[in-house]
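Have a look at the structure below, then the notes.
The values are calculated or read from the model by the stated rules, or taken from the named source; none is laboratory data. Because the structure is a prediction, the values reported are computed rather than measured. Every residue, glycine as well, gets a Cβ built from its backbone with ideal geometry; the counts of neighbours run over all protein chains shown. All accessible areas refer to the heavy atoms of the entire protein, side chains included, with ligands and DNA or RNA removed. Shrake-Rupley method; radii C 1.70, N 1.55, O 1.52, S 1.80 Å.
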Amino acid sequence: MHNKMTGLLGLLLLGTTWSALAAPPGSGKDQQPALDAALSAIVDDAAHPLASLSVLAIRNGKVSYQQQFGYRHIGATLAENLPVTPDTLFRIASVSKMMTTLGLLRLVEQGKLSLDQDVGMYLGFSLRNPHFPQRPVTLRSLLSHTSSLRDAGGYAWGPERRLRDVLTAGGDAMWDSNAAPGSYFSYSNLNWGVIGTVMEKVTGERFDLLMRRLLLDPMQLRGGYHPLAFTADEIANTATLYRKRTLDTEEWRPHGPWIAQADDFDQHPPAAMASYVIGSNATVFSPTGGLRISAAGLGTVMQMLLDGGRHEGKQLLLPASIALMFGRQWQLAPDARNGNSERGLYRAWGLGNQQFDAVAGQGNGLVEGASFSAVGHLGDAYGLVSAFVLDFKHRNGMVMLVGGTGSDPERYPGMYSAMGRSEERILTTLYRGAIDKHESLH
């Protein structure tokens, strides 16, 4: 199911030599086929199938492996299936939050934003938890999920709605009644809708176009936060996201057909945005989960971070900004009184990124039986599962984009983490085959 030649072409275009591809460190010349086969077996698992998979690994700051499996679009017949390519864009779910944060920090560097200013000063209306009206909500608290905003009242609305009206009318459903801003961690998608709207207000630019200017264009990356601005080629090479779950009964059928969940542009073209007013409601662009980008594109972002914010000789972010972003802003207390860890998944947080300590038994490990302490983000939406994780100390990292899950994640949980078992298998296999020179796939 995978496309070895197109995967090889993508690696060559990225500057990866054949010798590096054919013989990843420590495993001999047969490691590339072995790693291909191991990952393909995970994708093709009859009991837990995956619609598609695109992965990339970085070792010592260089791409050591990149490959694609499965189909970006599944047709009525086998002949209509379209394979994943190195350039296939995936809607990367919550990994988007981390990319949004990179754009925001560029605005901080430019003096347009301050992490500790009351965000109401930027929005043009008061944003205060009614239970703690004296405590301002700041970008720092939004980025670290300590704002006290909650998702119970929703976190995405159409272009006809204003965020100001939604937050005013939402009442207590929008806020934590027991924790003041800055005091308690609880993962909230709504935070990033506010962040995106703030970014629009201070620049006067539509969020998706702003993020192209701040992040994608400087690194010549394809994709973006709204397909309306995509080229025809980008639309054609965006992965449809799938589940094997019926729409009416929500019953999982691993041996049944794949059912499109999102980005099925043949059936649902991108929505028009003619009525949108910049600065009114950036949730329509999903700063929280809407970025479409390839694994190779995310690999370029990862290399920029590992290179101290530089890309092709140009400084995109200052090293001080990167240190600030990945500095620890929140850590779970021993008695868990200061946050909701969601089964141990969230134990520490920076600005728009999760911190993985790789301590056995805590729930937030990434690799089975290996000490891979990292920072980054995970994503899960519409059947897609994603990971962007990097180890600054050793200059290693992994990107994983799964374009569709075929079995109930609740019935296939992880063995050593709060992730699903398929994600655990992919990350462990990728780490052993492309990063850790002491490990073997056999």
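Tell me, which residue of segment 261-276 that is touching a residue at least 40 places away in the same chain (Cβ under 8 Å) and among the aliphatic types (A, V, I, L, M) is farthest from T231 (Cα to Cα)?
Out of the qualifying residues, it is A262.
Do we find that Y184 is among the aromatic types (F, W, Y) and crowded, with 24+ Cβ neighbours inside 10 Å in this structure?
no
Go through segment 246-270 and give me each residue that's open to solvent by 60 Å² or more (accessible area, probe 1.4 Å) and either touching a helix residue (DSSP H, G or I) at 6+ places or on another chain (Cβ under 8 Å) or over 17 Å from H73 (Cα atoms) (or both).
L247, D248, T249, E250, E251, R253, H255
Surrounded by 21 or more Cβ atoms within 10 Å (Cβ to Cβ), of a type in the set (K, R) and under 30 Å from P33 (Cβ atoms): does that describe R91?
Judged against the criteria, R91 is not a match.
Yes/no per residue for (1) polar (S, T, N, Q); (2) in a strand (DSSP E or B); (3) free of Cβ contacts under 8 Å to residues at least 40 places away in the same chain; (4) in contact with a Cys (Cβ under 9 Å, 6 or more places away or on another chain):
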position	(1), (2), (3), (4)
V389	no, yes, yes, no
K393	no, no, yes, no
L401	no, yes, no, no
S407	yes, no, no, no
S422	yes, no, no, no
I426	no, no, no, no
T429	yes, no, no, no
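Condition first: open to solvent by 10 Å² or more (accessible area, probe 1.4 Å) and in contact with a Ser or Thr (Cβ under 8 Å, 6 or more places away or on another chain). Now tell me which residues in segment 187-197 satisfy that.
N189, the sole residue that qualifies.
Considering only segment 57-94, how many residues are more than 19 Å from the chain's Cα centre (by Cα), of a type in the set (D, E, K, R) and either part of a strand (DSSP E or B) or closer than 28 Å to M211 by Cβ (or both)?
Qualifying residue count, segment 57-94: 2.
Filter segment 195-254 down to the residues that are closer than 25 Å to F69 by Cα, touching a Lys or Arg at 6+ places or on another chain (Cβ under 6 Å) and among the β-branched types (V, I, T) and list them by number.
The answer is T238, and nothing else.
Run L214 past the list (1) over 18 Å from A296 (Cα atoms); (2) open to solvent by 20 Å² or more (accessible area, probe 1.4 Å) and report the number of the one that doesn't hold.
(2)
Is it the case that L127 is under 19 Å from W175 (Cα atoms), in contact with a helix residue (DSSP H, G or I) (Cβ under 9 Å, 6 or more places away or on another chain) and open to solvent by less than 10 Å² (accessible area, probe 1.4 Å)?
Against the criterion (under 19 Å from W175 (Cα atoms), in contact with a helix residue (DSSP H, G or I) (Cβ under 9 Å, 6 or more places away or on another chain) and open to solvent by less than 10 Å² (accessible area, probe 1.4 Å)), L127 qualifies.
Quick one: count up the residues across segment 227-242 that are within 28 Å of G406 (Cα to Cα) and among the aromatic types (F, W, Y).
Number satisfying all stated conditions: 1.
Name the residue, out of F125, F132, that is under 26 Å from Y346 (Cβ atoms) and not hydroxyl-bearing (S, T, Y).
F132
Residues of segment 130-170 being of a type in the set (D, E, K, R), in contact with a helix residue (DSSP H, G or I) (Cβ under 9 Å, 6 or more places away or on another chain) and free of Cβ contacts under 8 Å to residues at least 40 places away in the same chain, which ones?
Of everything in segment 130-170, just one residue is of a type in the set (D, E, K, R), in contact with a helix residue (DSSP H, G or I) (Cβ under 9 Å, 6 or more places away or on another chain) and free of Cβ contacts under 8 Å to residues at least 40 places away in the same chain, namely D151.
Count, please, the residues in segment 249-293 that happen to be of a type in the set (K, R), within 22 Å of V194 (Cα to Cα) and in a loop (DSSP other than H, G, I, E, B).
Summing the residues that are of a type in the set (K, R), within 22 Å of V194 (Cα to Cα) and in a loop (DSSP other than H, G, I, E, B) in segment 249-293 gives 0.
Quick one: which of K97, K112 is of a type outside the set (G, A, S) and in a loop (DSSP other than H, G, I, E, B)?
Sole residue among the options that is of a type outside the set (G, A, S) and in a loop (DSSP other than H, G, I, E, B): K112.
Being out of contact with any strand residue (DSSP E or B) (no Cβ under 8 Å at 6 or more places or on another chain), open to solvent by 20 Å² or more (accessible area, probe 1.4 Å), touching a residue at least 24 places away in the same chain (Cβ under 8 Å) and part of a loop (DSSP other than H, G, I, E, B), is that true of even one residue in segment 296-308?
Checked segment 296-308: at least one residue is out of contact with any strand residue (DSSP E or B) (no Cβ under 8 Å at 6 or more places or on another chain), open to solvent by 20 Å² or more (accessible area, probe 1.4 Å), touching a residue at least 24 places away in the same chain (Cβ under 8 Å) and part of a loop (DSSP other than H, G, I, E, B).
Select from segment 115-124 the residues that are within 24 Å of T168 (Cβ to Cβ) and either open to solvent by less than 40 Å² (accessible area, probe 1.4 Å) or assigned to a helix (DSSP H, G or I) (or both) and list them in ascending order.
D118, V119, G120, M121, Y122, L123 - these are the residues of segment 115-124 that are within 24 Å of T168 (Cβ to Cβ) and either open to solvent by less than 40 Å² (accessible area, probe 1.4 Å) or assigned to a helix (DSSP H, G or I) (or both).
Mind checking which residues of segment 409-420 are in a strand (DSSP E or B) and either in contact (Cβ under 8 Å) with a residue 40 or more places away in the chain or within 18 Å of the chain's Cα centre (by Cα) (or both)?
Once the filter is applied, which keeps residues that are in a strand (DSSP E or B) and either in contact (Cβ under 8 Å) with a residue 40 or more places away in the chain or within 18 Å of the chain's Cα centre (by Cα) (or both), segment 409-420 yields only G420.
Have a look at A323, A370 and point out the one that is free of Cβ contacts under 8 Å to residues at least 12 places away in the same chain, of a type outside the set (D, E, K, R) and either open to solvent by 10 Å² or more (accessible area, probe 1.4 Å) or within 24 Å of L89 (Cα to Cα) (or both).
A323
Considering each of E160, E234, E205, E200 in turn, give the residue that is open to solvent by 10 Å² or more (accessible area, probe 1.4 Å) and assigned to a helix (DSSP H, G or I).
E234 is the lone residue from the list that is open to solvent by 10 Å² or more (accessible area, probe 1.4 Å) and assigned to a helix (DSSP H, G or I).
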